[in-house]
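The values are calculated or read from the model by the stated rules, or taken from the named source; none is laboratory data. Treat the numbers as computed from the prediction; the structure is a model and nothing was measured. In this analysis, Cβ positions are derived from the backbone assuming ideal geometry, glycine residues included, and neighbour counts consider all displayed protein chains.
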Amino acid sequence: MQLESLGPLGLFISAFISSTVAPGGSEAILAYLVNSQQHSVSQLVAIASIGNTLGALTTWWLGLWAAKKYPAEALAKQHQKSLNTVRRWGSWALLFSWLPLVGDGLCFAGGWLRLSLLSSLLAIFLGKVLRYIAVAYAFV
């Protein structure tokens, strides 16, 4: 069964998975559903944004958990770069959590550095909403 055939639920699942360490294609499902005109664009953007944010917060939590178990030197080189970026910019760096390949590392680093959950949530959500608005309205 393809996720787009599940409608908004499939979009939520895809958006969640896409924002964890697993690859996904929530933008394609959003575009398909927007193009089908069976649901409001704002509803689809909200569903995708919430799912993607929850996935990113899962990665943030994994960073928090890993920080308790492993020293920073044990992190992969990709995460070292993310740690430096988040150290420099704080929660603002999480506005870019939607970026492919980079975003997961930023969320992981945010948890690792024990950034405020609320400020992390707000920055992640804002970045995700803006990205999904852009994708959705490209297909209206």
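Cβ contacts < 6 Å: first residue within 12 Å of Asp104 (Cβ to Cβ) and free of Cβ contacts under 8 Å to residues at least 24 places away in the same chain, restricted to region 14-42; second residue of a type outside the set (Gly, Ala, Ser) and in a helix (DSSP H, G or I), any location; separation 6+ or different chain. Result?
So the pair list comes out as Gly24/Ile17.
Would you check if there is a residue in region 107-130 being touching a Lys or Arg at 6+ places or on another chain (Cβ under 9 Å) and not charged (D, E, K, R)?
yes
Looking only at residues that are aromatic (Phe, Trp, Tyr) and at pLDDT below 95 in region 96-140, which one is farthest from Tyr32 (Cα to Cα)?
Here the residue is Trp112.
When only residues in region 12-69 that are surrounded by fewer than 16 Cβ atoms within 10 Å (Cβ to Cβ) and not in a helix (DSSP H, G or I) count, which is modelled with the lowest pLDDT?
The extreme case among them is Val21.
Filter region 1-11 down to residues that are of a type in the set (A, V, I, L, M, F, W, C) and at pLDDT 85 or above and give me whichever is farthest from the chain's Cα centre (by Cα).
By that ranking, first place goes to Leu9.
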